[in-house]
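Structure provided below as structure tokens; questions to follow.
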Amino acid sequence: MITLKKLTIVTGFLVLCVGILGGCGKNRIKALDETTVPAKVSVSAEAETETETTAAPSTAAKPTVINDSEEATKETLKELGFIYKGNTISLLDFTNDQKMEGILGKAENMKTHTYSSSDGLNMDQLIGKIEKQYLYPGLVIKTIDAGEDNKSYIYQIEITGSQYTTVRNIKVGDGFETLKEAYPEGNLIGGELSNEEDDFRFEEEDYANVMNFHIKNKKVASIQIYSLID
């Protein structure tokens, strides 16, 4: 009888141990599942973030590129002017009355004109703009207002006096051969030099800014520098 009781107690104890061990195993598996799933989600999110970052376009500033035609225009504009007492006045320079007087002295005369639809000049693109003419001995300079900050720029220069020389040292009275040597890029409009009056033209590639030498008796009779206004 005593032996039977002992056997019953041992059997109960073993059943209890097995139950405890089984419960621990289930809890362990559950714990692993709960920790591994978030880990996988976290890795996936990091990968997506990294991909998005890599694919984002660069916002770094790109250098401004000046093409050959723009450089050529700048160089040509430097040539389209004249020198007087060491000062250079070029086409498209911004100027005003004070600057003109400071470089060339007081003008002999000044004319002002405001373009309108009724002035008979058919310059609709200039309606409302003010043109000024500065008249000096052997020189006329015309300016047009730029439409901002009361600035005006030179758009036409007419030279008939020999006291003004171009940037390449050509003046009224010089022979055609001297002119051609100074401006080999220029073209004689008539094609060949003759005793007739003709024009020798030096200009930009787009023909918007021009230096024109009027030839008479195979000499420079006058120089006109101008910009075509749109």
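What is the order of LYS180, LYS142, fewest Cβ neighbours within 10 Å to most?
Listing LYS180, LYS142 from fewest to most nearby Cβ atoms yields LYS180, LYS142.
Once you place label points 7 Å from the Cα toward the Cβ at GLU197 and ILE103, how far apart are they in nm?
Result for the modelled spin labels: 2.8 nm.
Next question, about the same structure. When the chain is fully extended, how far beyond the present Cα-Cα distance does ILE189 get from ILE130, taking 0.36 nm per residue of separation?
18.0 nm is the gain from fully extending ILE189 to ILE130.
Which FRET efficiency value, to the nearest 0.05, is calculated for THR165 and LEU77 with the Förster distance at 25 angstrom and r the Cβ-Cβ distance?
It comes to 0.90.
Which ordering of SER227, SER194, SER152, SER222 is given by a fewest-first count of other beta-carbon atoms within 10 Å?
Placing the least packed residue first, the sequence is SER194, SER222, SER227, SER152.
OK, next. Quick one: which of 184-192, 86-94, 158-166 comes out on top by average Cβ neighbours within 10 Å, and what's the full order, highest first?
Top to bottom by mean Cβ count within 10 Å: 158-166, 86-94, 184-192.
For the pair LYS216/LYS151, report the inter-label distance in nm, with labels modelled 7 Å from Cα in the Cβ direction.
3.7 nm
No lab work stands behind these numbers, since they all come straight from the coordinates. On a predicted model such as this, the values are computed, not experimentally measured, just so you know. Counting neighbours? That spans all protein chains shown, and the Cβs are built from the backbone with ideal geometry, glycine included.
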